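Undergrad: Sharing a structure here in structure tokens format.
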Amino acid sequence: MSPELVNPGTVRPGGRTARVRESVLRAAGDALVEHGFAQLDLGDVARRADVGRTTVYRRWGTVTALVADLLADMAETSLPRADTGSLIEDLRANARLVQQTLTDPRQGALFRAVIAAATGDIQTAEALHRFYRARIAEWAPCVTRAIERGELPEDTDPDEVVRAVSAPLYYRMLASSDTLDQAAADRAATAAAVAASAGVYSRTAEEADPASTITENRQNG
């Protein structure tokens with residue numbers, strides 16, 4: 001990545017630099033939606049953004065660096081986590097945000113293009129992984145607070161719970177023709193909350209035999 005790129009959580013540039021970045025990232029998103037990663041071209045992005053080619057090449061240098069910055073910007077500007085005081089309500093808010101993002105005509109198309117590119121491009125895959133880690137880190141405190149309130153076992157892994165919420169929604173988008181609606185989002189949140197309450201995502205359970213853990217939870221439940 002270019003040293004000028006902004007990673008999630010860092011201070012964003014201001015003034016003309018910020019305006020140039022905003023214009024270029026918007027143009028890059030438009031190009032991705034229209035043509036996909038394979039046909040993404042820095043010169044075309046510069047033209048769309050009405051920015052000098054030299055500026056784009058100097059700041060980003062490569063298509064993968066530009067996509068990495070686009071993902072960083074998406075992480076920076078995504079809505080903050082909910083804090084309702086209830087695990088299920090927080091997880092439902094997270095699931096609905098993911099569902100709305102993946103079904104948005106623009107955002108959904110962007111994600112499909114980037115995910116497709118990540119399967120064959122290491123740098124794009126790394127950028128996607130950074131984006132996903134940033135979103136997990138944003139929402140994991142919801143689970144931590146639920147542990148503190150006594151809603152979940154003390155050894156629950158917050159990151160695993162958040163992953164469990166979004167995983168079935170990404171699956172619906174990428175691998176099935178099943179409807180990805182709010183009802184699907186709510187089911188994903190409920191399933192993750194119930195599983196977490198049963199100890200499925202406890203750190204000790206990860207080291208145990210899965211079948212034994214399920215049997216023990218049924219006996220205790």
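Undergrad: Is it true that residue 92 is touching a residue at least 60 places away in the same chain (Cβ under 8 Å), farther than 17 Å from residue 69 by Cα and assigned to a helix (DSSP H, G or I)?
TA: Numbers: touching a residue at least 60 places away in the same chain (Cβ under 8 Å): yes; farther than 17 Å from residue 69 by Cα: yes; assigned to a helix (DSSP H, G or I): yes.
Yes, satisfied.
Undergrad: Grab the helices (runs of 4 or more DSSP H) fully contained in region 1-60, keeping just those with 2 or more residues being β-branched (Val, Ile, Thr) and modelled with pLDDT of 90 or more. I'd like the intermediate steps shown before the answer.
TA: Values: elements: 15-35, 42-49, 53-59.
Helices (runs of 4 or more DSSP H) meeting the threshold: 15-35, 53-59.
Undergrad: From the residues in region 111-147 that are of a type in the set (S, T, N, Q) and surrounded by fewer than 20 Cβ atoms within 10 Å (Cβ to Cβ), which one is farthest from residue 194 (Cα to Cα)? Break it down stepwise before answering.
TA: First, pick out the residues of region 111-147 that are of a type in the set (S, T, N, Q): 119, 123-124, 144.
Still in the running and surrounded by fewer than 20 Cβ atoms within 10 Å (Cβ to Cβ): 119, 123, 144.
Details: 119: 32, 123: 36, 144: 16 Å.
If we take residues in region 111-147 being of a type in the set (S, T, N, Q) and surrounded by fewer than 20 Cβ atoms within 10 Å (Cβ to Cβ), then 123 is farthest from residue 194 (Cα to Cα).
Undergrad: Further question on the same structure: Check region 153-163 and report whether any residue there is surrounded by fewer than 17 Cβ atoms within 10 Å (Cβ to Cβ) and free of Cβ contacts under 8 Å to residues at least 12 places away in the same chain.
TA: Checked against the condition, which is being surrounded by fewer than 17 Cβ atoms within 10 Å (Cβ to Cβ) and free of Cβ contacts under 8 Å to residues at least 12 places away in the same chain, region 153-163 yields at least one hit.
Undergrad: Tell me the residue from 117, 65, 72 that is over 14 Å from the mean Cα position of the chain (by Cα), under 15 Å from residue 25 (Cβ atoms) and in a helix (DSSP H, G or I), please.
TA: 65
The values are calculated or read from the model by the stated rules, or taken from the named source; none is laboratory data. No experiment lies behind these values; they were computed from the predicted model shown. FYI the Cβ positions are ideal-geometry reconstructions off the backbone, even for glycines, and counts take in every protein chain you see.
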